[in-house]
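The values are calculated or read from the model by the stated rules, or taken from the named source; none is laboratory data. Quantities reported herein were computed from a predicted structural model and do not represent experimental measurements. Note: ideal-geometry Cβ built from the backbone for every residue, glycine included; neighbour counts use all protein chains shown.
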Amino acid sequence: MQKTQICIEKLEKSQFFSVFLDQILTSEASHHFSKITGSQHKLNMVIYGIGSIESFESPRLQLSLAILLKRKLDWIGEIEVSDPIISLAESKVLEELRCRVLSVKLRCREPDSVFHDTL
């Protein structure tokens with residue numbers, strides 16, 4: 001958890017994040033995002049194959065960016081995270097950060113019957 005919190009704070013203070021957020025908040029970009037969301041007020045963000053947030057900085061940076069965007073943009077709903085290598089400890093950290101860890105069945109997005117029908 002500490003590594004992730006440090007990463008979030010570092011990214012939030014970075015010039016990259018400041019410029020990136022400014023670009024997203026332009027009226028032109030905001031117009032496009034409102035067209036995408038349509039009648040839905042919020043869109044969920046799904047991060048597939050994030051990797052180990054405990055072992056590597058790249059996954060922590062990806063997660064940090066998603067969390068910061070959710071904090072700054074009111075149209076981002078739930079953050080859902082999926083990777084078969086996510087450990088139990090990482091799942092707990094993700095849940096503490098208010099992210100939803102997708103189960104195996106949700107990752108596939110297919111009912112079990114699809115596999116039985118094709119066998």
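Being out of contact with any Phe, Trp or Tyr (no Cβ under 7 Å at 6 or more places or on another chain), modelled with pLDDT of 90 or more, assigned to a helix (DSSP H, G or I) and of a type outside the set (Ser, Thr, Tyr) is true of Val93. Within the stretch 25-55, the residues that satisfy the criterion of being surrounded by 13 or more Cβ atoms within 10 Å (Cβ to Cβ) and among the hydrophobic types (A, V, I, L, M, F, W, C) are Phe33, Leu43, Met45, Val46, Ile47, Ile50, Ile53. Taking the stretch 69-95, which residues are within 15 Å of Leu43 (Cβ to Cβ) and of a type outside the set (Lys, Arg)? Residues satisfying the conditions are Leu69, Leu73, Asp74, Trp75, Ile76, Gly77, Glu78, Ile79, Glu80. Taking residues in the stretch 26-46 that are at pLDDT below 80, and partners anywhere that are exposed (fewer than 12 other Cβ atoms within 10 Å of the Cβ), the pairs with Cβ atoms closer than 8 Å and at least 6 places apart or on different chains are Ala29/Gln23. Could you tell me whether the stretch 10-25 includes any residue that is among the hydrophobic types (A, V, I, L, M, F, W, C) and part of a loop (DSSP other than H, G, I, E, B)? Checking the stretch 10-25: at least one residue is among the hydrophobic types (A, V, I, L, M, F, W, C) and part of a loop (DSSP other than H, G, I, E, B).
Among the residues making up the stretch 56-90, a single one is among the hydroxyl-bearing types (Ser, Thr, Tyr), buried (at least 18 other Cβ atoms within 10 Å of the Cβ) and modelled with pLDDT under 95: Ser82.
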